[in-house]
Structures are given as structure tokens and as C-alpha cells.
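Since the structure comes first, as C-alpha cells, the remarks are kept for the end.
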Amino acid sequence: MAPAAFTLIDLHEALDACADLPPGLVLDDPEITLSDLAIDSAGWLSLQLELHDRYGVRIEERDVEGVRSLGELVAVVNSHLRRAGR
């Protein structure tokens, strides 16, 4: 059985754990941009650490160059998970 894919829900949970998001924010639209969330460099670093802790993947700055939306970030994480065999 193939491992479950990383989803927007997983990303929302990771962001909730590490970023200062407004209460009640629902991240169910893959077209929401990272700039819409106003995540600063400290928030991005926290997200990187959270993803590593939860999923064992290391997402570097170069991996997300050009990534603008949550859907694109989910795709990057899934690509890393596949390469890691998770």
C-alpha cells in the first residue's frame, strides 16, 4: 500500500503548530498564496523545522524558489516524501 499523500490539511496543521496564523483561518484553497499568510522568515524556518519533525523531510530555500501557493508547497513536500520513500 502506498503511503498517504501530504495534503492541505497536513500543511494547515503544520502551519498552526508553528506560525502565527489568525484564529479560525481555513486553508482549504490550494491557490492561497504564501504571501497571503504573511509568513516571515522566522515563520518559514519554523515551518521547515515542523515539516522535518513531523515527516522527516528537509525542505530547503532552493526547493521552494518560485513556489507561490499552498498547493505548490504541498507538491514540493510530496515530492520530497516520495524521494525519501515515505
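Is it true that some residue in the range 46-66 is among the aliphatic types (A, V, I, L, M) and open to solvent by 60 Å² or more (accessible area, probe 1.4 Å)?
Quick first cut of the range 46-66, residues among the aliphatic types (A, V, I, L, M) only: 47, 49, 51, 57, 59, 64.
Within this subset, residues satisfying the condition of being open to solvent by 60 Å² or more (accessible area, probe 1.4 Å) are 49.
For the range 46-66, residues among the aliphatic types (A, V, I, L, M) and open to solvent by 60 Å² or more (accessible area, probe 1.4 Å): present.
What residue, among those in the range 1-45 that are of a type in the set (D, E) and assigned to a helix (DSSP H, G or I), is least open to solvent (accessible area, probe 1.4 Å)? Before you say what the answer is, go through the steps one by one.
As a first pass, look at the range 1-45 and keep what is of a type in the set (D, E): 10, 13, 16, 20, 28-29, 31, 36, 40.
If we keep only those that are assigned to a helix (DSSP H, G or I) as well, we get 10, 13, 16, 36.
Working: D10: 35, E13: 88, D16: 93, D36: 107 Å².
Filtering first and then ranking leaves D10.
The values are calculated or read from the model by the stated rules, or taken from the named source; none is laboratory data. Predicted model only: the values in this text are computed from it and were never measured. Accessible surface areas use protein heavy atoms only, side chains included; no ligands, DNA or RNA. Shrake-Rupley method; radii C 1.70, N 1.55, O 1.52, S 1.80 Å.
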